[in-house]
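In what follows, a structure is listed as structure tokens, so that the remarks can point back to it.
No lab work stands behind these numbers, since they all come straight from the coordinates. Since we're looking at a predicted model, the values are computed, not measured. Note: ideal-geometry Cβ built from the backbone for every residue, glycine included; neighbour counts use all protein chains shown.
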Amino acid sequence: MKKEKILIIEDELDLLDLLDFNLTRKGFVTAGALDGSEGLAKAEAFRPDLVILDLMLPGLDGWEVCRRLKEKRKDIKVLMLTAKCMPEDKVKGLETGADDYMTKPFSVKELVIRAEKLLAEKRQKDLHRTVIHEISNRITTLGAYSRLMEGSEDGNTAKKYMQSVCRQVDSTEELIHEAGVILGDESATLQPVALDVREVLNVAAEAYRDAALRNGVEIRTEAGGPVEAFTDRYALKQIIFNLTGNAVKYARPFGAVELSVKRQDGRVLVTIKDNGIGIPAADLPYVFNHGFRASNAAGAAKGSGFGLYIVKVLCERLGSAINVKSVEGEGTGFTVELPDFDTKHAV
């Protein structure tokens, strides 16, 4: 479960408690330390996303603590606090790697706002790294298939490798398109069109059938006529593929994944559910966080922590709601609400 962590290194106990109270109330997980050495030890064990660091500490001062923190983890954010207001102190703090600087006395409300801003910057950088990692993985897979195809003397085998290459190319193009949407690329605009949702579900079922069969999992889709929604084709495909892949990954061996669609109250409801390990109730508020991993998933297959985050962002961009229902030990179901084509175009 991904909850952002803040370490407060401050030798004034009253101030440490005040900051701890306000940051905990905002939903952060916090830890405190009263000197630099304790702070470095806590940082090693606690793995914070942000450190609020007093400059004037007993023993190791804030500059040295900041330098050592950044030496070990360049991605960690540091907000430095000081009673000094000399420009050279601020410059030295920034030179040692501090990301922001506040002079005492300060407004706790402003500190919380600055902390949230630094964490938002970190999330965006983490997201960029994840996108690059995902694309790199797919390019590596493309290279592997290409080399296998090059070395194959059997025409049928080579054709299968070529089909795999084509699927990977299509998948990578879609990821780049959706990454542009997520990262705010204005050129990656969504283009709603009328499309048959059942057809997209069937494509997803076919794409994941081999992976499901390897675990003895059955993918079930409903028979029936077209169910049209008005939405972006690439975004919907990415949403359904991510949810289907997630369901296949966490379904029980010899279990089932069900993909269904229906009209209800002027909306099109798309549901993907599995009979897997389920998600603990305490984890459900964080299921769409970037980097989320359920607390009961230690022995389950690992993913990038990117898939459900993409689903949530794309649903928000589409103006669509997504709901999750889960019972630990029984399974999980995700339902996406899309505009019905007929309702969207009713006169």
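Rounded to the nearest 10 degrees, what's the angle between the helix 155-182 long axis and the longest principal axis of the chain, both from Cα atoms, 0 to 90? The angle comes out at about 50 degrees. If the elastic network links every pair of Cα atoms under 10 Å, which of 78, 311, 257 fluctuates the most in the Gaussian network model of the chain? Highest fluctuation among the options: 78. Entry note, segment 192-344: relative contact order of 26 percent, from Cα contacts under 8 Å with a spacing of 6+ residues.
Axis of helix 233-250 versus longest Cα principal axis of the chain: the two differ by about 80°, to the nearest ten degrees. So how tilted is helix 108-151 from the main axis of the chain? Cα-based, degrees 0 to 90, rounded to 10. Value to nearest ten degrees: 40. For residue 323, neighbours were defined as the other residues whose beta-carbon sits under 13 Å from its Cβ, and their charges (Lys and Arg +1, Asp and Glu -1) total +3. All other residues whose Cβ lies under 9 angstrom from that of residue 268 are scored, Lys and Arg at +1 and Asp and Glu at -1, for a net of 0. Between the DSSP loop rule and a limit of at most 16 other Cβ atoms within 10 Å, which GluC sites (Glu not before Pro) in segment 105-154 are left? Hits after loop and neighbour filter: 153. For segment 33-123, the gyration tensor built on C-alpha atoms gives a rounded shape. Its axis ratio a/c (a ≥ b ≥ c) stays under 1.5. Taking square-rooted eigenvalues a ≥ b ≥ c of the alpha carbon gyration tensor, is segment 142-281 rounded, prolate or oblate, where a/c under 1.5 means rounded and, failing that, a/b exceeding b/c means prolate? The shape class here is oblate. Considering only beta bridges that DSSP places wholly inside the chain, some 55 percent are antiparallel. Using a Gaussian network model of the chain in which every pair of alpha carbons under 10 angstrom is joined by a spring, one finds that among 28, 288, 241 the greatest mean-square fluctuation is at 28. Ordered by the count of other Cβ atoms within 10 Å of each Cβ, fewest first, 273, 122, 104 give 104, 122, 273.
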